[in-house]
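J.: Sharing a structure below in structure tokens format, with a few things to ask.
Computed from the coordinates by the stated procedures, all read-outs in this text should not be read as laboratory data. Just so it is clear, the structure is predicted and the values come from calculations on it, not from any experiment. Counting neighbours? That spans all protein chains shown, and the Cβs are built from the backbone with ideal geometry, glycine included.
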There are 2 protein chains.
Amino acid sequence: MRRGVLGRGVGLSQRVVVVGGGFGGLQAVRKLRPAAVDVTLVDRQNFHLFQPLAYQVATGALSPAEIAVPLRWVLRRQANVRVVLAEVTGFDLERRQIVLDRLPNGRRGVTLDYDTLVVSGGSQYSYFGHDDWRPHAPELKSLDGAVDIRNRILSAFEAAEVEPDDDLRQSWLTFVVVGGGPTGVEMAGQIAELARDSLRGDFRAIDTGAARVLLVETADRVLTGFPPSLSHKAERALEKLGVTPLVGHTVVDVGADSVSIRSGSGEVEEVGARTVIWAAGVAASPLAADLAAAAGAEVDRAGRMQVREDLTVPGHPEIFAIGDMVQVARSDGTIVALPGLAPVAMQEGRYVGRAIRNRLRGDTTPPFRYVDKGNLATIGRSKAVADVKGIRVSGFPAWVTWLVVHLFYLIGFQNRLLVVTRWTFSFVTRGRGARLISESAAD
Amino acid sequence: MRRGVLGRGVGLSQRVVVVGGGFGGLQAVRKLRPAAVDVTLVDRQNFHLFQPLAYQVATGALSPAEIAVPLRWVLRRQANVRVVLAEVTGFDLERRQIVLDRLPNGRRGVTLDYDTLVVSGGSQYSYFGHDDWRPHAPELKSLDGAVDIRNRILSAFEAAEVEPDDDLRQSWLTFVVVGGGPTGVEMAGQIAELARDSLRGDFRAIDTGAARVLLVETADRVLTGFPPSLSHKAERALEKLGVTPLVGHTVVDVGADSVSIRSGSGEVEEVGARTVIWAAGVAASPLAADLAAAAGAEVDRAGRMQVREDLTVPGHPEIFAIGDMVQVARSDGTIVALPGLAPVAMQEGRYVGRAIRNRLRGDTTPPFRYVDKGNLATIGRSKAVADVKGIRVSGFPAWVTWLVVHLFYLIGFQNRLLVVTRWTFSFVTRGRGARLISESAAD
């Protein structure tokens, strides 16, 4: 079925197809609101995930629906957009078509025509080439990953409660977080708080406060995207919470009930641990490799494809690629090293939306420039680090900044209200209201 | 491993084991708070589900964590209780032990000793002996069932949006609810509102308002637990919402893409429908049959075992059985027909808690008597029926009563606040904030 079964959207002459409803794709679509174009947004999932708060779902502080908004609902008043749920499995650049699989009606190989294509596939975690570790060490990029982690963490405490053997019980109470970036730091801090605060008093046979939380980072400090002074502050804050930051250490094996960790001196220790959370080694979405192959371009070691400084694919001005899956190359050939953060993808998305509108008017658009508004990471209750244009803040003021920024970018007034309600309760009672173990995933 | 591996709880001499943390079991446990007994609550899940609102999760109005509270959290301040996650797979009445399987640490066949046992296993839906219908027609008794139904309903609209074939599209837009009790009526009303209000404007290719919602009930009216006048009011309210109530009709076959419905005159019509929701034919938990077999008792056609009017198992004064899985027989042999409702189970649970405390003091307890406080069912936005001690109310006053009663019985101040927030937004915007299609279940 190589016909455009999906046909046209709203029937305007310029057809823009946006692949991916994450931070970049959604901003591109929204910027196209006033444009006389026919926009189709394709995503595998029916919601936009506010990924920076996924770790709070993973520790039962928030409920999935509070950080995920239906794409249709976000775009309900933008009449020139339709949303299609599907997986993109092919690019035919000559025919200007993409191929869709796994449509909700069960169809496969459906084609969709475009005049302009925007690909924003995001990234996922690489397991350093060890895909066999994946089943033992779920990741936090997706909502399903977050729910899986929540089920595992809560079940581990349940298992420890009924486990008579001391060594086995200790392995149920040992949590290993791999990767000391913002996600890993936040995750480790939250597990420690869960064990020491939220769950205290809930169990009878175990002392949840005795749980071990190891944060393994290959570099010599956590949060390498921040200045060293803030990294060291973060490490001390983590230690206070009860996390053991193992900087200069590398995970060399992950099994069902243990993790092998190599220290800087080369010694390997096998740690009994039933719960491992993966937050290291980011790799571009496979869409980058597919698109690069179709365009005759190459991808780097992290799977990212190079785009020009107007964010188009070389040789294909009608195709934009943005977000974590690309690297921007200046016209002089130098690569702009942009971090894999939501603000980067959002600015790129808005740039692409503007660029498409400019083209319709026959105008050109100056090259994309990222405006760095700062970097934020939270460590636990009342603690965070912030690096805003060289101004370094830590502790409570940074934490308040973190709160305000995250609430501001969360989509939907209702979700903001619900999240504030949950956070207020958590702050006052140290409890976590969304501590469900789903049956299906626990099976 | 036939030893009591779990050992004692808090070490008091009287060991009370409560099986099931639903409405009945939880009330029994709470009533035992001041008693000098060692209580163990066993449940397969780590949360108490407020089942009367499960249909709102199934239509994306509420998020799972808003109607489910962790059992440990509910009981955190009751020092004489411990919670054990496990499935009960055997009763050894002679040794006064129950056998537990699927513990969170992977152990099986673990035994747990009791002096007094309370079994509150609840009920599930029977498929009229057609278990092959189950995969095509999920039920609303569990939280996982509700999430599965939510995924199916939302995916059906997504499928219709991309389906070019008229007949297939219509079958994606046809929803069949089997069973015209309160759950079926609420479910059908909510699907109609979802299609006509919440989703309107979200789709481009389909008119969601054209969705068909059929409510199939074998009896000659819906809500047979209510007086006929209220049933007829409910039917008219359903019709106004866009539901077609097929009273006097029976489902005779359920397939992946169609349902066969027999009318009162005996004619069978096959209706193309991709989404079928099961809310008929309640059967007792299999624990009733297991316990009855161990006690040498029998079960009725619905799988319920008979208990004496003090809610003990005949011949075993140390075992109480309560809730949907039992029928109470008076000392003169007459059966008390109690409906399978939360208030019945709650009153029975509290009675058992009191009875155990009385026994510790050497006191006897008069037979259990159910106090009927009335019957409520909601049909949609601003509409409900109520039958309180013969006073029949319908429309807005009944709906407000329904709201207040459900908020009152919901556990946890935080959840009440979150639910009120969601309901207020839904009422004002006609939207539904928890419309996620989970990836795992959609696969």
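J.: Can you tell me the relative contact order of region B:143-226? Whole percent, Cα pairs under 8 Å, sequence separation 6 or more.
T.: 34
J.: Going by the rotation axis that takes chain A to chain B, pick out the residue of A with the closest C-beta and quote the gap in whole Å.
T.: For chain A, the closest residue to the axis carrying it onto B is A:SER63, 2.
J.: Which value, in Å³ per residue, describes the convex hull spanned by the Cα atoms of the protein assembly as shown?
T.: Per residue, the Cα convex hull of the protein assembly as shown comes to 166 Å³.
J.: If I build a Gaussian network model for chain B, linking alpha-carbon pairs within less than 10 angstrom, which residue out of B:LEU417, B:LEU71, B:LEU32 has the largest mean-square fluctuation?
T.: Per the Cα network of chain B with a 10 Å cutoff, B:LEU417 tops the list.
J.: By DSSP, what percent of the beta bridges with both residues in chain B are antiparallel, rounded to the nearest 5?
T.: 50
J.: What does the average come to when, for each residue of peptide A:62-74, you count the partner chain Cβ atoms lying within 10 Å of its Cβ?
T.: Mean shielding count: 6.
J.: In percent, how large is the relative contact order of chain A, given Cα pairs closer than 8 Å and 6 or more residues apart?
T.: This gives 19 percent for chain A.
J.: For the protein assembly as shown, give the share of DSSP beta bridges that are antiparallel, in percent and rounded to the nearest 5; count only bridges with both residues there.
T.: If we restrict to bridges inside the protein assembly as shown, about 50 percent are antiparallel.
J.: Using label points projected 7 Å from each Cα along Cα→Cβ, tell me how many nm separate B:ARG416 and B:THR334, to one decimal.
T.: With each label point 7 Å from Cα toward Cβ, the separation is 3.9 nm.
J.: For a quick check, take a GNM of chain B with Cα springs below 10 Å and name the residue from B:THR208, B:THR365, B:THR244 with the largest mean-square fluctuation.
T.: Per the Cα network of chain B with a 10 Å cutoff, B:THR365 tops the list.
J.: Run the dipole for chain B about the Cα centre, Lys and Arg Cβ at +1, Asp and Glu Cβ at -1, nothing else charged, and hand back the magnitude in debye, nearest 20.
T.: 2360
J.: Now a separate question. Taking the Cα centre of each part, how many Å lie between region B:310-375 and region A:187-211?
T.: When both Cα centres are located, 38 Å separates them.
J.: Right, another one. What does the helix-only formula give at 222 nm for the protein assembly as shown: each DSSP H stretch with n ≥ 4 adding -39500 (n - 2.57), the total divided by the residues, and the result rounded to the nearest 500 deg cm²/dmol?
T.: That calculation yields -9500 deg cm²/dmol at 222 nm.
J.: Looking at B:THR208, B:THR224, B:SER198, which one has the Cα that reaches farthest to the positive end of the dipole of region B:196-272 (charges on Cβ: Lys, Arg +1; Asp, Glu -1)?
T.: The residue sitting most towards the positive pole is B:SER198.
J.: First check a/c for region A:150-268, with a ≥ b ≥ c the square roots of the eigenvalues of its C-alpha gyration tensor; if it is under 1.5, answer rounded, and if not, answer prolate when a/b is larger than b/c or oblate otherwise.
T.: It comes out oblate by the Cα gyration axes.
J.: How would B:ILE391, B:ILE191, B:ILE437 line up from fewest to most surrounding beta-carbon atoms within 10 angstrom?
T.: In increasing order of surrounding Cβ atoms, one gets B:ILE391, B:ILE437, B:ILE191.
J.: Quote the relative contact order of region B:285-432 in percent (integer), defining contacts as alpha-carbon pairs under 8 Å separated by 6+ residues.
T.: 11
J.: Right, something else. Which of A:GLN51, A:GLN327, A:GLN414 moves the most in a Gaussian network model of chain A with Cα springs under 10 Å?
T.: Comparing A:GLN51, A:GLN327, A:GLN414 in the GNM, the peak value goes to A:GLN414.
J.: When we measure straight from the Cα of B:LYS31, which lysines land under 28 angstrom away, once same-chain ones fewer than 8 places off are left out?
T.: Leaving aside lysines fewer than 8 places away in the same chain, those within reach of B:LYS31 are B:LYS141, B:LYS373, B:LYS389.
J.: Give me the inter-chain shielding for B:422-434: mean count of other chain Cβ atoms within 10 Å, whole number please.
T.: Rounded to a whole number, the mean comes out at 3.
J.: Considering only the label points, 7 Å along Cα→Cβ from Cα, what distances in nm to one decimal separate B:LEU360 from the same position in each other copy, shortest first?
T.: Those separations, rounded to one decimal, come out as 7.4 nm.
J.: Okay, moving on. In what sequence do A:VAL385, A:VAL81 fall when counting other Cβ within 10 Å, fewest first?
T.: With the fewest neighbours first, A:VAL385, A:VAL81 line up as A:VAL81, A:VAL385.
J.: From other protein chains only, count the Cβ atoms within 10 Å of every residue's Cβ in B:410-420, then give the mean.
T.: 3
J.: Using only the C-alpha atoms of region B:285-438, find the volume of their convex hull and express it per residue in Å³.
T.: Convex hull volume per residue, Cα atoms: 183 Å³.
J.: Would you mind checking the radius of gyration and Dmax of region A:230-339 based on alpha-carbon positions, in Å?
T.: Rg then Dmax for region A:230-339, in Å: 19.7, 53.
J.: Only four residue types carry charge here, +1 at the Cβ of Lys and Arg and -1 at the Cβ of Asp and Glu. Report the dipole size of region B:43-161 about the Cα centre in Debye, rounded to the nearest 20.
T.: 540
J.: Something else: When A:TRP423, A:TRP402 are ordered from fewest to most other Cβ atoms inside 10 Å of their Cβ, what list results?
T.: A:TRP423, A:TRP402
J.: Suppose every K and R has +1 on its Cβ and every D and E has -1 on its Cβ; what is the size of the dipole of the protein assembly as shown about the Cα centre, in Debye to the nearest 20?
T.: Charge dipole, the protein assembly as shown, about its Cα centre: 3240 debye, nearest 20.
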